[in-house]
Amino acid sequence: MSQLNIARKEVGEFIVFKLKGALIVSTMLSLKQEVSQLLEKGLAYIAFDLGGIEVIDSSGLGLLSNIKRRADEKNGHCVLMSLPPIVADGLQQTGLIENLVIVKNEAEFRESFIL
C-alpha cells in the first residue's frame, strides 16, 4: 500500500513540507487538511520539497496547483523545489508547470525567498 510521509519545518516566513512516497488520491488527504488549516489561519507562505516523491497522479498534481492558487489569493507564495523527473514530467504534460514557482533545491529556495 502506498504512503505519503510528511515532515514540516519553518524556514523564514515559509512552512516547508518535505514529502516522501506517493502523492496520490489515496494518500493526500492529511496534507490537504494540514495546508488548508494553515491557509485558513492566514499562513500563506508554503513550500514543498518534492525530492522524495516516487509516485504522483493527477490528483496530486491538481492539489499542488490548487494550493498555489489559494496561497496567491491570500497574497502568499507557494514554491516547489527538488522536483524528481516523475513530478516535472507530470507538471509539464498537464501544462500546470506554467503556473507554478519552481526552484532546483533548498539552497536556491533560501537564496530567492528567505531574507
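Annotations for the structure displayed:
- Any chance residue 51 is of a type in the set (Gly, Ala, Ser), surrounded by 15 or more Cβ atoms within 10 Å (Cβ to Cβ) and under 11 Å from the mean Cα position of the chain (by Cα): yes
- Members of the range 84-100 found to be more than 10 Å from the chain's Cα centre (by Cα) and either among the basic types (Lys, Arg) or buried (at least 16 other Cβ atoms within 10 Å of the Cβ) (or both), listed by number: 87, 90, 91, 96, 97
- Scanning the range 1-38 for residues that are among the aliphatic types (A, V, I, L, M), closer than 22 Å to residue 115 by Cβ and surrounded by fewer than 19 Cβ atoms within 10 Å (Cβ to Cβ) yields a total of 2.
- The range 86-115, residues that are in a helix (DSSP H, G or I), more than 17 Å from residue 57 (Cα to Cα) and of a type in the set (S, T, N, Q): 99, 112
Every number here is computed from the coordinates shown, using simple stated rules; none is lab data. Just so we're clear, the structure is a prediction, and the values are computed from it rather than from any experiment. All Cβ positions, glycine included, derive from the backbone under ideal geometry; neighbour counts span all protein chains shown.
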